[in-house]
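One structure is given here, and the rest of the page talks about it.
No value in this document is a laboratory result; all are computed from the given coordinates. What you see is a predicted model; the values in this text were computed from it and never measured. Because the Cβ atoms are built from the backbone with ideal geometry, glycine has one as well, and the counts that use them run over all protein chains shown.
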Amino acid sequence: DTAVSQTPKYLVTQMGNDKSIKCEQNLGHDTMYWYKQDSKKFLKIMFSYNNKELIINETVPNRFSPKSPDKAHLNLHINSLELGDSAVYFCASSQVQRARGYTFGSGTRLTVV
Amino acid sequence: GESVGLHLPTLSVQEGDNSIINCAYSNSASDYFIWYKQESGKGPQFIIDIRSNMDKRQGQRVTVLLNKTVKHLSLQIAATQPGDSAVYFCAEIGGTSYGKLTFGQGTILTVHP
């Protein structure tokens, strides 16, 4: 059983479109995250939700909007996609008070053309 | 050998050799450090962790060394195998960061049979 699953795995779309990436975790963790990995493999946090509450919001364009309907799900919606949004997006989860056990999904490769 | 430049640092070794991957971190308030392995098309996978009150921790074939004086972390892999070929990242968490992982640059390890 996949612990952190995100869909879709690949997403190719045109500039200006709006798209969503979904993430679900079955580990019972209370915190979920979105990370972005750029073409140089650099990983950087975008958002974090703890029990459905936004607790980390890095300097991300407001075209990116996370939504957490419950503590097992964290979705990422992106409006008006730009070429520079092309990257791999990783969802992760953890028990925030116990950093051990941080688990990543397998990533969504977004390509904006 | 190891090289650092505009591209990701790379380390090439022969199967059976020991590998050492280095990482410099910036936040002296970080109290927990993790090494991750990322294979092509997958998310980062936990390898080993260490708390700031330790300077060495050993796992199966892996050892992490922490030097807080110079803010340096290293990962030693004994008897490296072709399956160890991947990108390796160090990451740090500070006490008040709500679980936010700050990643290092990453090192590409290539193991030749």
### Task
Can you tell me the order of A:43-52, B:26-35 when each peptide is scored by its average per-residue count of other Cβ atoms within 10 angstrom, highest first?
A:43-52, B:26-35
### Query
Counting every Cα pair in the range A:52-113, what percent are over 20 Å apart?
34
### Query
Which three semi-axes in whole Å describe the equivalent ellipsoid of the protein assembly as shown, each the square root of 5 times a Cα gyration tensor eigenvalue, listed largest first?
30, 21, 16
### Query
For peptide A:30-40, how many partner chain Cβ atoms fall within 10 Å of a residue's Cβ, on average?
2
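A:Lys44: net charge of surrounding residues, Cβ under 9 Å, Lys/Arg +1, Asp/Glu -1, itself excluded?
Values: positive: A:Lys36; negative: A:Asp38, A:Glu58.
Once all neighbours under 9 Å are counted, the net charge is -1.
For the range B:5-113, what percent of Cα pairs sit more than 25 Å apart?
On the way: 1037 of 5886 pairs.
Every Cα pair in the range B:5-113 considered, those over 25 Å come to 18 percent.
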### Task
Please provide three numbers in whole Å: the alpha-carbon extents of chain A along the principal axes, with the largest listed first.
39, 27, 25
#### Entry: Karplus-derived 3J(HN,Hα), 6.51/-1.76/1.60, for each residue of the range A:6-18, Hz, glycine and proline x
10, 9, x, 7, 10, 9, 10, 8, 8, 3, x, 6, 10
### Task
State the Cα centre-to-centre distance between the range B:61-77 and the range A:52-76 in whole Å.
33
### Task
Summarise the partner chain shielding of B:99-108 as one whole number: the mean count of Cβ atoms from other chains within 10 Å of each residue's Cβ.
6
### Query
In what sequence, highest mean first, do B:64-73, A:58-67, A:86-95 appear when ranked by Cβ atoms within 10 angstrom?
A:86-95, B:64-73, A:58-67
#### Entry: Under 27 Å from A:Lys22, Cα to Cα: lysines that are on another chain or at least 8 residues apart
A:Lys9, A:Lys36, A:Lys40, A:Lys41, A:Lys44, A:Lys52, A:Lys67, A:Lys71, B:Lys37, B:Lys42, B:Lys100
### Query
Tell me, what is the percent relative contact order of the range A:1-80, built from C-alpha pairs under 8 Å that lie six or more residues apart?
32
### Query
From the residues B:Gly59, B:Leu11, B:Gln81, which one has its Cα farthest along the dipole of the range B:1-92 in the positive direction, the dipole being from +1 and -1 charges on Cβ of Lys/Arg and Asp/Glu about the Cα centre?
B:Gly59
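I want the local charge near B:Asn27. Using Cβ-Cβ distances under 9 Å, sum +1 for each Lys or Arg and -1 for each Asp or Glu among the other residues.
On the way: positive: B:Lys71; negative: B:Glu92.
With Lys, Arg at +1 and Asp, Glu at -1, the net is 0.
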## Note on the structure
Output row, site A:Asn26, 7 Å Cα→C-beta label point, backbone N cut-off 18 Å, window the range A:77-113, residues A:91-94, A:103-107
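Per residue of B:78-85, how many C-beta atoms from partner chains lie within 10 Å of its own C-beta, taken as a mean?
On the way: counts 0, 0, 0, 0, 0, 0, 0, 0.
Taking all residues of B:78-85 together, the mean is 0.
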